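Read the structure below first, then the notes.
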Amino acid sequence: MKISVIGCGYLGAVHAASMAKLGHEVVGIDVDAGKVAALNAGTPPFYEPGLRAVLAAARKRGSLTFSTDIADVAGAVVHFVAVGTPQRKDSDAADLHYVDAAFEALLPHLRSGDLVVGKSTVPVGTASRLDLLLRSAVPEASLAWNPEFLREGFAVKDTVAPDRLVYGVPGGNHGDRAVALLDEIYANALARKTPRLVVDFATAELVKVAANAFLATKISFINAMAEVAEATGADVTLLADAIGYDRRIGRKFLNSGLGFGGGCLPKDIRAFRAHAEELGVGDSVAFLGEVDAINLRCRDRMVDLTFDALGGDVRGKRVAILGLAFKPKSDDVRDAPALAVAARLMAAGAIVVATDPAALETARLVLPELQLVASAGEAVTGADVVLLLTEWKEYRHLAPSALDTVASRSILDGRNCLPREVWEGAGWRYRSLGRP
């Protein structure tokens with residue numbers, strides 16, 4: 001099947017490459033000429049494990065091209081819209097400007113029988129509105145909403161072998177045709193008995209934000225427990241282990257630390273609250289305000305812990321930061337907790353030197369005044385305290401002896417991922433959030 005993907009940012013580029021990997025003929029469309037050129041050269045404009053190899057293989061087969069010309073969607077039967085929905089500058093609501101622009105650009109090139117598939121995370125009601133627009137322009141074209149559930153660092157796997165498929169479709173013949181085409185596209189996943197849910201537009205739009213809201217709540221819950229643990233002398237990691245054995249709760253996403261960031265969870269829970277207020281059901285998700293507040297408070301607590309480790313004054317003190325991306329296996333620094341901590345310490349007068357295996361260039365764009373170095377060894381040389389803020393494998397497996405160029409053996413584990421007994425046994429002062 002020939003497929004187009006409108007929008008080749010993180011979601012769109014991964015989706016286009018993965019669809020080509022599954023055997024489809026794919027054209028990706030984006031307004032950014034530089035991004036298109038990079039993708040056509042087989043170079044992803046962001047870090048995602050495995051994506052470069054998938055791009056290269058698809059380009060070699062001739063099954064994947066990228067273009068800035070929307071007319072190049074000609075011949076495609078299915079058109080995925082995968083543009084961003086960032087937070088609006090004047091409110092917490094989602095900015096649908098890019099979604100609307102993508103649909104308007106696509107409409108003149110649609111034919112009878114085509115299927116447009118929304119991948120973007122949007123407020124409930126968006127699909128129904130766009131469905132009316134589509135039907136009025138091309139009566140025999142159909143719309144579906146197929147939310148994505150990608151984890152950065154595992155995005156190719158999550159696209160090629162998803163843990164579930166959700167189709168939001170209208171009733172009648174349009175819905176039947178949408179389901180048939182999506183089943184053809186995802187034939188490999190369905191052959192592996194991947195669960196498939198066919199739902200209405202509103203449910204499909206809610207699925208992604210509901211999932212993100214739940215995950216954010218679970219993370220903030222354990223970080224709230226970390227605050228209680230600090231006040232009582234309890235150990236939040238042992239607490240998480242104990243409650244995680246309850247199968248109703250589970251241990252995943254119960255790792256206390258610096259909290260969540262990235263381009264999805266923070267903006268999605270804020271947009272969800274904003275849309276709920278518009279619908280008159282704001283009280284139903286009011287708790288997400290506290291989820292957000294707990295998450296931001298983790299950054300304050302990390303800064304406070306650094307002040308404490310340095311005797312109450314960070315001015316002129318050298319602080320080494322290991323990890324800048326919001327999570328490992330990513331170069332994404334959108335709303336990254338580590339960058340927020342670095343900025344606050346710099347504003348307080350600390351000399352901050354940071355490193356990250358993948359996010360140096362993206363961090364430099366956001367915080368150009370931050371001193372960046374290529375390795376952990378360079379970052380910690382002469383440091384009065386070391387902060388581990390992103391749990392990259394390279395940092396979790398560091399031996400204390402590898403950091404012996406510090407001025408003071410003091411390490412703050414912002415992700416509760418280091419073996420405390422090993423570091424203390426090597427003569428280091430170890431501190432973390434939620435542990436005595």
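Observations on the structure shown:
- Burial ranking of peptide ranges 253-263, 426-436, 392-402, 214-224 (average Cβ count within 10 Å, highest at the top): 253-263, 214-224, 426-436, 392-402
- Angle between the chain longest axis and helix 97-106 axis [Cα atoms, degrees, rounded to 10]: 30
- Computed from the C-alpha gyration tensor, the three semi-axes of the ellipsoid equivalent to the range 298-432 are 20, 17, 13 Å, from longest to shortest.
- Peptide ranges 304-312, 164-172 listed from the most packed, as the mean C-beta count within 10 angstrom indicates: 164-172, 304-312
- Helix 10-21 and the long axis of the chain differ in direction by around 60°, with both axes built from C-alpha atoms.
- Under the shape rule built on the C-alpha gyration tensor, where the axes satisfy a ≥ b ≥ c, the range 2-199 is rounded, since a/c falls short of 1.5.
- A straight Cα-to-Cα reach below 25 Å connects Lys252 with the lysines Lys157, Lys193, Lys208, Lys218, Lys267, Lys327, Lys329, Lys393, residues fewer than 8 places away in its own chain not being considered.
- Karplus-derived HN-Hα couplings along the range 79-88 (A = 6.51, B = -1.76, C = 1.60, θ = phi - 60°), whole Hz, x at Gly and Pro: 10, 8, 9, 10, 7, x, 10, x, 6, 5
- Helix 51-61 vs. the chain, principal-axis angle (Cα, 0 to 90°, nearest 10): 30
- Largest-first principal axis extents, alpha carbons of the chain, Å: 71, 48, 43
- Rg and Dmax, both from the Cα atoms of the range 209-292 and both in Å, are 14.1, 43.
- Other residues with beta-carbon under 14 Å from the beta-carbon of Ala379 carry, at +1 per Lys or Arg and -1 per Asp or Glu, a net charge of -4.
- Förster-model FRET efficiency, 22 Å R0, Val366 and Asp90, C-beta, rounded to 0.05: 0.55
Quick note: the coordinates plus some simple rules give every number you see, no bench work behind them. Since this is a predicted model, take the numbers as computed values, not measurements. With ideal geometry, Cβ positions are generated from the backbone for all residues, glycine too; neighbour counts draw on all protein chains shown.
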